[in-house]
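Asks: Could you have a look at this structure, given as structure tokens, before my questions?
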Amino acid sequence: MDFPRYRVIMLYALILFGVIMAIPSVLPSDIRAKLPSFYPQETINLGLDLAGGSHILLEADPEEVAELRLETMEDSVRAALRRSKPQVEIEQVSRADGNLSFTVPDASKVDAVREVILPLIANATGGRDWDFQVNDGNRVVLEPTSGSIDDAMTQAMDTAKDVIDRRINALGTLEPTIIRQGDNRIVVQVPGLDDPEALKALIGKTAKLEFKLVDNNADPALTAEGKARVGSQVLPYPDNPSGIPNMAVRRLGGISGDKLIDAQQTFDPNDNQPAVSITFDSEGGQRFARMTQQYTGELFAIILDGQIISAPRINEPILGGSSLISGSFSVESANQLAIALRSGALPVDLKVVEERSVGPDLGAESIRLGSIAAIIGTLTVLTFMVITYGRFGFYANMALILNVLLILGVMAIANATLTLPGIAGFVLTVGAAVDANVLINERIREERRRGRKIIQAIEVGYKEASRAIYDANITNVIAAVLLFAFGSGPIRGFAVVLMIGIVTSVFTAVVITRMWVVGWLKRKRPQELVI
């Protein structure tokens, strides 16, 4: 029952800070805008069901994932055979029927090819992701296993989910709901988004960046028709200065954008037009330097999502690991490209198969009805506590009001999102917040009936009841943590409010009311206790 002055000051300062942080969230937006600039501006975010927003369902094509795996494996096999000692030549490379196959002209080197390829198809568990077969003595066939295909799809969708999350948060949008649905779908819900088209454009951009050498030996007439010679591919180039809408590039080799570590919107110093500066990691920087040293004077294409956006000439080696992407950018499009590149490339194209917009009308009605329920519930609880426990009920009511404000303050500090289930958790917290005071007050009554003096009864009442209060609320916190960890969307919103409410209710009901009771005892020295 000892409360030193420094502790009282500390507790009141903590309460004042929480109330100050809660005020912006309860004020109308027009009044909040008039607050002084030094006043904290953090507010609670409203979820999709309260503020409206966008609901988008994205779908990936499993066949595309399989094709990308084949292309990656072909590139790896060619690179490994070029590095082998002695080098092994291969011919008639094919990716038909979902398999990678090629012919080894010198059949005596098949075993050497096997030794080179086996490490490429082994996985971390000691098994193989590809079956190695030899047909007709010199025809090597690599067939992906069914398990590896499923693993590749799962990995691609998990990576896509993380990339989408980074892109949306880079836009400044708070608390999006991004969850997988089935094997090849992702649900994206973003509350309060005013421009869903910008969201779709950003999410839908694969942002796969590549640097490939231009094929100088390609026939311009065939390139214009979209036809490529062996070892090359024709890609669209809408801004080609020559007027031909296509350009031929070497199919293999080059550098992929997965070596990027940073991308920022900037301006081209030559013409002051919007551009994107990129920075490679150490490995990517070394490969970029080698390529620009080896092919100085030649053209190289900058390819984004299968389309050439620029094809500058390598005038000199680029050794610093940094470069500049210029093209027909606006400041906004350059910034979006930088965000997409920073967040990483989507491993697979995602198509929007469903889109729903949720208006704020439903949210406004939910807030109104939820507020009515909260007010009615709070007033009923306040009245019951005063009638039942008198002064101690008044202290419990003051603690309950502080509890509500502290919940709002903590949610504002944490930049948490309030959803409709969160309002339900809020109302539930109002009812449960007085449980601790009911336990304490009833224990004090019991101790008085046993003949204890006033101070002893209050001290024992708080001490003994606190054990049960802490035990009960620890189990509630465990349940709330599990809801947050395994739930999604509305369930997590409910769990957030519940966890915050449990902590603040125990703090106000046990610590703050005890401080008030101790202050009253020191001031009044009562001879009788009415409770």
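The values are calculated or read from the model by the stated rules, or taken from the named source; none is laboratory data. For clarity, every value in this text was computed on a predicted model and none was experimentally measured. We place every Cβ from the backbone using ideal geometry, glycine too, and count neighbours over all the protein chains shown. We work out accessible area using only protein heavy atoms, side chains counted, and drop any ligands, DNA or RNA first. Shrake-Rupley method; radii C 1.70, N 1.55, O 1.52, S 1.80 Å.
Asks: Quick one: how many residues across segment 487-525 are part of a loop (DSSP other than H, G, I, E, B) and open to solvent by 30 Å² or more (accessible area, probe 1.4 Å)?
Replies: Count: 2.
Asks: Can you work out which of the residues in segment 255-270 that are open to solvent by 40 Å² or more (accessible area, probe 1.4 Å) and either at pLDDT below 80 or small (Gly, Ala, Ser) (or both) is nearest to Ala160 (Cα to Cα)?
Replies: The extreme case among them is Asp258.
Asks: Applying the selection to segment 83-124, what residues are part of a strand (DSSP E or B) and open to solvent by less than 40 Å² (accessible area, probe 1.4 Å)?
Replies: Scanning segment 83-124 gives Ser94, Leu100, Ser101, Phe102, Thr103.
Asks: Within segment 284-298, count every residue that is of a type in the set (Gly, Ala, Ser) and open to solvent by 80 Å² or more (accessible area, probe 1.4 Å).
Replies: Selection size over segment 284-298: 0.
Asks: More than 37 Å from the chain's Cα centre (by Cα) and at pLDDT 85 or above, is that true of Val88?
Replies: No: the conditions fail for Val88.
Asks: For the structure I just gave you, tell me whether Asp136 is surrounded by fewer than 17 Cβ atoms within 10 Å (Cβ to Cβ) and either farther than 30 Å from Ala416 by Cα or touching a helix residue (DSSP H, G or I) at 6+ places or on another chain (Cβ under 6 Å) (or both).
Replies: yes
The rows are residues; the columns are (1) surrounded by 17 or more Cβ atoms within 10 Å (Cβ to Cβ); (2) more than 30 Å from Ala263 (Cα to Cα); (3) modelled with pLDDT of 80 or more; (4) touching a Leu at 6+ places or on another chain (Cβ under 8 Å).
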position	(1), (2), (3), (4)
Leu174	no, no, no, no
Leu193	yes, no, no, yes
Glu197	no, no, no, no
Leu209	yes, no, no, yes
Lys212	yes, no, yes, no
Thr223	yes, yes, yes, no
